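Okay, structure first, notes after.
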Amino acid sequence: MCRWRSIGAALAVAAFVCSVSNRAPAETFEERWSPVPKAHAEPGPPPPPSSSNGAQRAPQWHAGATASHARPRKPLFVGRASFYSYPGGKTASGLSFNAHGLTAAHRTLPFGTRVRVTDIKTQKSVEVTITDRGPAARGRVLDLSLGAAKVLGIGDRGVIQVRAERLSG
């Protein structure tokens, strides 16, 4: 029993020494728990000069900037597309499905988005509107309506490799 007391006493002394030696200097709660300690904080950038009329200045481009850097690029995606058709009914957007219309289904693009779809093999393209959700098949990025598939000339191929460019929406 004496052995356990001496071990307990040694642990108590060690805990006391650690707690006394690791005491933080007198700081406020905010200083102690701030993600950036105030002693090491760097000053932020100076605020932009304010104009008297309150109008914002246009961004300035450096001398080497070209026109392609000045305007945002249109989102582009590449992948496999197929076509689908069913007799009547509603699409996920609530519109009636028109198999002969120039529409498409995409998993995430907002309804009403205009997309230019180009068949990589034949370079034929068609502009479609996203009106439905899909495709359900893995590895595909778009399901085209039968009308859009006919414009692209998909025919017996069924699944084609496409490049799609978001035009609006």
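Please go through region 134-162 and give me each residue that is of a type in the set (A, V, I, L, M, F, W, C) and touching a residue at least 60 places away in the same chain (Cβ under 8 Å), ordered by number.
From region 134-162, those of a type in the set (A, V, I, L, M, F, W, C) are 136-137, 141-142, 144, 146, 148-149, 151-152, 154, 159-160, 162; that's our starting set.
Listed by number, the residues that qualify are VAL141, LEU142, LEU144, LEU146, ALA148, ALA149, ILE154, VAL159, ILE160, VAL162.
Within region 106-117, is there a residue that is modelled with pLDDT under 90 and in contact with a helix residue (DSSP H, G or I) (Cβ under 8 Å, 6 or more places away or on another chain)? Give the derivation first.
As a first pass, look at region 106-117 and keep what is modelled with pLDDT under 90: none.
Within region 106-117, not a single residue is modelled with pLDDT under 90 and in contact with a helix residue (DSSP H, G or I) (Cβ under 8 Å, 6 or more places away or on another chain).
Check off (1) farther than 13 Å from ARG163 by Cβ; (2) in contact with a strand residue (DSSP E or B) (Cβ under 8 Å, 6 or more places away or on another chain); (3) loosely packed, with under 14 Cβ neighbours inside 10 Å for ARG133 and give me the number that stays unchecked.
Of everything listed in (1) farther than 13 Å from ARG163 by Cβ; (2) in contact with a strand residue (DSSP E or B) (Cβ under 8 Å, 6 or more places away or on another chain); (3) loosely packed, with under 14 Cβ neighbours inside 10 Å, ARG133 misses just condition (3).
The values are calculated or read from the model by the stated rules, or taken from the named source; none is laboratory data. This one's a predicted model, so the numbers in the text were calculated from it and none came from an experiment. Cβ sites come from the backbone with ideal geometry, for glycine too, and all protein chains shown count toward neighbours.
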